Amino acid sequence: MALTVIGSVALDSVETPFGKRKDVLGGSATYASLSASFFTPVNLISVVGSDFEEKHIKMFTKKKINTAGLERKKGKTFRWKARYHYDLNYAETISTHLNVFEGFRPGIPPCVKEKDNLLLANIDPELQSWIFRQIKPRGLVACDTMNLWITHKKKALLKLLKKVDLLLLNDAEARQLSGEKNLIEAAKYISSKGTRMVVIKKGEHGALFFCGKLHFIVPAYLLETITDPTGAGDTFAGGMIGYLSGKKKITDSVLRKALVYGSILASFTVERFSVEGLLRTTPKRLKDRYNHFERLTRF
Ligand code: AMP
């Protein structure tokens, strides 16, 4: 099944204890699409400005990501500036400039079908809801979010959760959204709002999964080099729903494997700045890391 991804395509300026980069390719939809493309055809819906380089669009096409829904508008591309300290689980946002995203309401290209799965990658929940209403998806709907939207658009986010099958968020966001300190209680609160499946990401400590009686813990892949954690969460989300999109039937075992692939793909992202880690990943390197992950976690 194909996957539609809507979210930000951005130019990021990032500083970590291991170096810095200015105006490099980023954005929630960028990471999620690249990650999902390992498993399924992806239709990307987003917007960029006139300053967005053609080479990035060519890169998406090379990765078989359909950019018919990637609009180019007069103005500046979305920009995000952030700094990480030695606790790489926490990004200090220095600035967010929505630019061409301000008031953006995309057209839906004909390649996007109701029956496809949909990933509402991190962006304003009002825009996520709007897209949902336009597409009227019948497939699996996943949604990612962040603290900014929980602080400023909580009502819109809670309304959206009624329509979402899978919500992904990090531990601090889960606590902020639910008002619960304990993550099991936080997941219960989120499920009570209508979302059947909840993934709580814990950065380098892996992720927790809750779906009814199925609880699953997935570690992060053990790495010697972490350079830039930007996009790890989006990569996880894209990998997970991308893997599910490639399967005919979703069983407990398929769900567990989807989480493992999400975790492994995120490990490629954090090894390098921007999308460099993902672009160097091949299906063989992914499979090798999957096999190694199995050996690391078996007992
Ligand atoms: P992550 O590290 O997975 O949480 O996501 C980082 C990516 O999200 C960066 O590439 C940013 O461009 C993008 N991003 C940051 N803030 C926002 C926002 N408010 N809306 C949409 N995307 C954002």
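Could you grab me the full set of residues in region 95-122 that are β-branched (Val, Ile, Thr) and under 16 Å from Thr67 (Cα atoms)? Selection gives Ile108, Val112. Annotation for region 210-231: no member residue is touching a helix residue (DSSP H, G or I) at 6+ places or on another chain (Cβ under 9 Å) and part of a helix (DSSP H, G or I). Looking across region 70-89, just one residue is touching a strand residue (DSSP E or B) at 6+ places or on another chain (Cβ under 7 Å), more than 13 Å from the ligand (Cβ to nearest atom) and touching a residue at least 60 places away in the same chain (Cβ under 8 Å), and that is Leu70.
Determine whether region 236-247 contains at least one residue that is touching a Pro at 6+ places or on another chain (Cβ under 9 Å) and either away from the ligand (no atom under 14 Å from the Cβ) or free of Cβ contacts under 8 Å to residues at least 24 places away in the same chain (or both). Let's see the steps before the verdict.
First, the residues of region 236-247 that are touching a Pro at 6+ places or on another chain (Cβ under 9 Å): 245.
Now drop any that are not either away from the ligand (no atom under 14 Å from the Cβ) or free of Cβ contacts under 8 Å to residues at least 24 places away in the same chain (or both), which leaves 245.
Taking every residue of region 236-247 in turn, at least one turns out to be touching a Pro at 6+ places or on another chain (Cβ under 9 Å) and either away from the ligand (no atom under 14 Å from the Cβ) or free of Cβ contacts under 8 Å to residues at least 24 places away in the same chain (or both).
Taken together, Glu185, Glu180, Glu224, Glu173 contain a single residue that is under 21 Å from Thr93 (Cβ atoms) and of a type in the set (D, E, K, R), which is Glu173. Phe209 fulfils the conditions (1) in contact with a Ser or Thr (Cβ under 7 Å, 6 or more places away or on another chain); (2) aromatic (Phe, Trp, Tyr); (3) closer than 17 Å to Gly262 by Cα except for a single criterion, (1).
Quick one: count up the residues across region 202-226 that are of a type in the set (Val, Ile, Thr) and open to solvent by less than 20 Å² (accessible area, probe 1.4 Å).
Within region 202-226, the subset of a type in the set (Val, Ile, Thr) is 217-218, 225-226.
Filter once more, keeping what is open to solvent by less than 20 Å² (accessible area, probe 1.4 Å): 218.
Total satisfying the criteria: 1.
Restricting Glu92, Glu54 to those that are surrounded by fewer than 17 Cβ atoms within 10 Å (Cβ to Cβ), without any contact (Cβ under 8 Å) to a residue 12 or more places away in the chain and either within 16 Å of the ligand (Cβ to nearest atom) or β-branched (Val, Ile, Thr) (or both) reduces the list to Glu92. Would you check if Phe299 is open to solvent by less than 80 Å² (accessible area, probe 1.4 Å) and hydrophobic (A, V, I, L, M, F, W, C)? No; evaluated as a whole, the condition is false for this residue. The set of residues in region 42-74 that are touching a Ser or Thr at 6+ places or on another chain (Cβ under 8 Å), in a loop (DSSP other than H, G, I, E, B) and over 15 Å from Arg105 (Cα atoms) comprises Asp51, Phe52, Lys63, Lys64.
Candidates in region 95-113 are the residues that are without any contact (Cβ under 8 Å) to a residue 40 or more places away in the chain and under 30 Å from Asp228 (Cβ atoms); of these, the one that is least open to solvent (accessible area, probe 1.4 Å) is Ser95.
Where residues in region 21-41 are within 13 Å of the ligand (Cβ to nearest atom) and assigned to a helix (DSSP H, G or I), which of them is farthest from Ala2 (Cα to Cα)? The extreme case among them is Ser28. Residue pairs whose Cβ atoms lie under 9 Å apart, sitting 6 or more positions apart in sequence or on different chains, and linking a residue in region 138-150 that is closer than 10 Å to Gln176 by Cβ and of a type in the set (Lys, Arg) to a partner that is away from the ligand (no atom under 11 Å from the Cβ) and modelled with pLDDT of 95 or more, do not occur here. Scanning region 49-68 for residues that are closer than 25 Å to Met240 by Cβ, over 18 Å from the mean Cα position of the chain (by Cα) and not charged (D, E, K, R) returns His56, Met59, Thr61, Ala68.
Let's see how each residue does on (1) touching a Leu at 6+ places or on another chain (Cβ under 7 Å); (2) of a type outside the set (Phe, Trp, Tyr); (3) under 25 Å from Val24 (Cα atoms):
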{"residue": "Thr151", "(1), (2), (3)": "no, yes, no"}
{"residue": "Leu161", "(1), (2), (3)": "yes, yes, no"}
{"residue": "Glu180", "(1), (2), (3)": "no, yes, no"}
{"residue": "Gly194", "(1), (2), (3)": "yes, yes, no"}
{"residue": "Glu224", "(1), (2), (3)": "no, yes, yes"}
{"residue": "Thr235", "(1), (2), (3)": "yes, yes, yes"}
{"residue": "Met240", "(1), (2), (3)": "yes, yes, yes"}
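The values are calculated or read from the model by the stated rules, or taken from the named source; none is laboratory data. Small disclaimer: the values here were computed from a predicted structure and weren't measured. Note: ideal-geometry Cβ built from the backbone for every residue, glycine included; neighbour counts use all protein chains shown. Keep in mind that these areas ignore ligands, DNA and RNA; they rest on the heavy atoms of the full protein, side chains included. Shrake-Rupley method; radii C 1.70, N 1.55, O 1.52, S 1.80 Å.
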